[in-house]
Amino acid sequence: MNRLFVMASTALLAFLLMSQTQKPAAKGGALAASIARGKVVYESTCQPCHMADGGGAPNMNPPLSRTKWVLGDKVKLAQIVLKGLPGGQIEIDGDTFHNPMPAQESVLSDQQIADVLTFVRNNFGNKASAVTVAEVKASRGRMK
Ligand code: HEC
């Protein structure tokens, strides 16, 4: 009886410990997985213009480190990637950028856009919340 009680409470304790440690780990795992997938998208789709270090190219392509667009409203951010920009729309520290940015709405999936923006928001000196597929979908919904 006593031994059974010890075994049962040990099992319960082990279960509680596991569920305690697994919850945050699972969450971190999902974020890390999105960042890892986003890196692949970044390297093939964004890096030619915004560069490996997110520094951009003077007068041509803007940097992605701590800008108000990268760290700001996620719907607006997703729209920049979905719709692209004609050039000359963005100003950072008095600089403007004259390349056009190509629209990705029929190139990348919602998942790829969520992942690449989550990657960008957690690299190049940025530390911000993940962008979800639902947020990208909402951005598509708000476009004309
Ligand atoms: C052909 C070059 C090119 C590619 C490819 C490109 N961009 Fe851009 N991007 C630009 C230019 C140029 C601007 C500014 C355009 C303007 O001012 O109208 C810009 C603006 C931005 C901005 C807003 C300004 C800032 O620096 O914070 C973000 C965010 C951004 N791009 C992210 C991305 C992401 C993510 C990808 C890949 C999915 C990507 N871009 C692909 C050229 C590019």
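Restricting the search to region 118-144, which residues are in contact (Cβ under 8 Å) with a residue 40 or more places away in the chain and of a type in the set (V, I, T)? Once the filter is applied, which keeps residues that are in contact (Cβ under 8 Å) with a residue 40 or more places away in the chain and of a type in the set (V, I, T), region 118-144 yields T118, V120, V131, V136. Within region 111-140, the set of residues being more than 24 Å from P86 (Cβ to Cβ), of a type in the set (A, V, I, L, M) and in a helix (DSSP H, G or I) comprises A114, V133, A134.
Note on region 77-110: among residues that are without any contact (Cβ under 8 Å) to a residue 24 or more places away in the chain and not in a loop (DSSP other than H, G, I, E, B), the one that is farthest from the ligand (Cβ to nearest atom) is E91. Pairing each residue of region 55-72 that is among the hydroxyl-bearing types (S, T, Y) with any residue that is assigned to a strand (DSSP E or B), provided the two are 6+ apart or on different chains, yields C-beta distances under 8 Å for T67/I92.
Kindly evaluate Q47 against the criterion of being among the polar types (S, T, N, Q) and in contact with a helix residue (DSSP H, G or I) (Cβ under 6 Å, 6 or more places away or on another chain). No, not satisfied.
Read-outs: derived from the displayed coordinates by stated rules, not from any lab. What you see is a predicted model; the values in this text were computed from it and never measured. Please note: Cβ atoms are built from the backbone with ideal geometry, for glycine as well, and neighbour counts cover all protein chains shown.
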